[in-house]
Each structure stands twice: as structure tokens, then as C-alpha cells.
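First comes the structure, then the notes that go with it.
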Amino acid sequence: MTQAITRERQWEDGGRLRWLYLDMNSFFASVEQQDNPGLRGRPTIVVPVMSDYTSAIAASYQAKAYGVKTGTRVLDAKARIPGLRIVEARPDRYVDVHNRILAEIDQVIPIDRVCSIDEFACKLMGPECHEAAATAIGHRIQRRILENVGECLTASVGIAPSRLLAKTAADIRKPLGLTVLRMDQLPGELLTLKLDDFAGIGPSMLKRLNKVGIHEVRQLWEMSPSRMRQVWGGIMGENFWYAIHGTDPPDIETKGASITHGHVLAKELRPVEHARGVARRLTAKCGSRLRRMGFKCGGLHLYVRNDDGRAEASTRFAVTSDSFRLLEAADGLWETCVRQLRAPRIKQVVVTCLNMVEADRPADLFGWTPDAGEDGRHMKLLNALDGLNQRFGKDTVTIGPRTKMHGFVGAKIAFNRIPEKPEFWE
Ligand SMILES: [Mg+2]
């Protein structure tokens, strides 16, 4: 038994798989093909406005076969593809589908970061880091999206030790691909890539690399961290070195950390009083996630949407991972938001932790000590609850009234990352 565990650990550590990255394939074009069967199997592009002088913001795989891609001018695309289908973008629809994809992923694994409207990064933890388990998670997410969101919505998955490598891996096999880059096999498949296949190497960085004699990934791989720092002209270079060698740069762990839980409400949960229960439940979920990750937060943001519109509010407080403190804050935000909305039925609730810091950080920037926001008795109780829930499954013990959320989704929606319209045209 001991031997088996040891062997497994060694094997697991050799791969050092820590991230699963999901990238939807030709996202906007796929949504259009999903909604309009007449477009399926046909070269299709999506444009911001109907004009020959604008550029495609997405191209279907059939259009890509002709060399048409995001950024190709409509006039050029038309010249290359007789019978090209051109569709005007529907941002609201893409956000809807984005939210449904979030919900599907969240049923399988918590999302660490929403990187864009069609890219999601998930952190692998414990047994999930096992290659077989990680691969199974990836396939499960791909299948759920196809079955529950739409058969045209294919996703590619990358699994790797660093987030940058996972993103790079997701790009290697498309559509519906899954690529694992193990630490003990690096650089491996990276050597088949071009320099600008890596996120972080755009046209100007490519020029800079070429100028110092770097033309292929083998050479990039052999550069030293200090040389990269020199070429990049700053710490970014060194971070890039660590990332491609399988280690996340430090800021991913702290500054970039965020926790968001959101829920699109089923009919029976829409009356304000029930919806409030959902907000509290999501807040408690944020608290247990903070404790699980070893973080505290110094603020909370609440976003509420109904037919009438949307309302949001945020508040700051001494850093804490005490769910009771978070619930107090959430109750206040709830009152503020609900007052702003006229229609009484709530459709969506999203709770986000702000100002996250590592739990063992000695003192807060604003002079609060970490303990100022916490009650020792609360923390003892919460840690005990976390232990029970970890052991017996989530929601074994909950704080406050148990809200009836059928197949509770708790989809993570980073509200600040739900793309606003302008982002579609970037
Ligand atoms: Mg994509």
C-alpha cells in the first residue's frame, strides 16, 4: 500500500500537472452555426458591422480552411471564398452562451480564472493533478458542453504545469483536442511550435527575438532567465522563462487570485427572499473557497440582475476568511442592490471576493492586522465545518438556511471579466 502510494506520488510529481485550460474553438462562429443550422458546415465569418471594410472577428473552421481568420478583411475574405456566409455579431448571445459554458465547467471543477469570453483556466488540486484524472476532467467538460450547450460548441483543452503552458497546450490540437504537457517531458511537443504560438510573444516581441538570433523554440528553450529578462526588457522576460519551464510566475498565486461564485436562478428561486438565500449561499461558498486556498479577502462585490436591469455594490473591510463577516457584508450589499431594482424577481446573482491576500501575510497594507476581521470562535467553527464538508461531500453542513438549489450550479462568473460589448471588437 505504502509502496503504491509512493510510486504514484513520484509519478504524479514527475508530470507536475497543475492547470487545465479550456479554449472554445472559433467561438462566435460556432455559436452562430449552433443557432442557425443553415450555416453548419459552411465557411462563415462573424463581423462587428455589415461592411466590406471591416474585419472578421471570428471564422468557422470551413472558412479557416481557406486561410480566412480573425482579422481578415471582409473584402479579402469574400474574394477568397465564393458563397461565404457573413453574420453580424450578437454580443448578448455570446455572453449568454459564455455563462452556460461557465456553469457546465463549474459542475466539473472550479474555475480559477475567466481569461476571456471563450477561455477559462482551472487549477488542478490533489488527485486531479494525476494525468489520467486531469484528462478525464477535460473530456468530461468537452462532452458536457457539447451535450448541454450545443453540438457545435467544441472546446480544446490543455493540461500542463503552468497556466501559460496549459494555454499553449490548448492551442496545439483543434478542434476538440486535448493536449497534456508533462513537466518530465518538456520541451517535448513545444519544439513543434513557432515562436509566436506562445501567448506573450506578439509581433513586436517576435521581431526582438529574431533580432538577437532567436528563430525557433529550441533556441528559446535554451535561453537563460537573465537573457530573457534582457530581451524582454524587464521582469516579464524572467516570468516568461519560468512559465515555459513549467512554473507559474509568483503574481499568478497572489495578485491575480480571484474568487467569484454566481448563479442563474431557476424560476422558483427568483422571488427576492429566495434569491437572497442564494446570495448568502454563494457568499458562504466564497468563504470556504478562501479558506481552502489559504486566502483572505478585504472586500466583497455583489452583482444582481433582473428583467428591469442590473445593480451592483461593493464594500471593503479588514481582511478575513470568516464566513460570518462575509455574510454580514453580503446582507448589506443585498439591501443596496435590491433597492436599486424595480422588478422584484431576481434572475442572476454573482458574488466576488475583492482585495485577496494570502492568509499568512503578517499585516494588511492599510494597517489592519489579519485578525481584526476575524472572530477566533467563528474560525474554529468554520474550520470544523470545512473539515466535515471535505470529508463527507460539499454542503453536508451549511451556515444559515439551506437554499433549495437544484443541481446547484454556482457557476463562477468573474463579473469584471464578463466581456462588455467593446471587448468584442478588440
Ligand atoms: Mg478560442
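The values are calculated or read from the model by the stated rules, or taken from the named source; none is laboratory data. A quick note: this is a predicted structure, and the numbers were derived from the prediction, not measured. Every residue, glycine as well, gets a Cβ built from its backbone with ideal geometry; the counts of neighbours run over all protein chains shown. These area figures cover heavy atoms from the full protein model, side chains too; ligands, DNA and RNA do not enter into them. Shrake-Rupley method; radii C 1.70, N 1.55, O 1.52, S 1.80 Å.
Between Met50 and Gln230, the modelled label-to-label distance comes to 5.7 nm, taking each label 7 Å out from Cα in the direction of the beta carbon.
Our estimate of slack between Asp197 and Ala359, defined as 0.36 nm per intervening residue step minus the Cα-Cα distance, is 54.7 nm. The loop-placed chymotrypsin sites (Phe, Trp or Tyr not before Pro) in segment 16-56, going by DSSP, that have at most 14 neighbouring Cβ atoms within 10 Å of their Cβ come out as Tyr53.
With a Förster radius of 30 Å applied to the beta-carbon distance between Gln219 and Lys69, the computed FRET efficiency rounds to 0.65. Look at the Cα gyration tensor of segment 118-234: its axes a ≥ b ≥ c give a/c of at least 1.5 with a/b over b/c, and that counts as prolate.
What FRET efficiency, computed as 1/(1 + (r/R0)^6) with R0 = 25 Å and r the Cβ-Cβ distance, is obtained for Asp92 and Asn36, rounded to the nearest 0.05?
0.95
Taking a ≥ b ≥ c as the square roots of the eigenvalues of the Cα gyration tensor of segment 1-186, is the shape rounded (a/c under 1.5), prolate (a/b larger than b/c) or oblate? Prolate shape, in that a/c is at least 1.5 and a/b is the bigger ratio. Residue ranking by accessible heavy-atom surface, 1.4 Å probe, largest first, among His274, His130, His98 comes out as His274, His130, His98. Fully extending the segment from Asn383 to Ala343 would add 10.5 nm, taking 0.36 nm per residue of separation and subtracting the current Cα-Cα distance.
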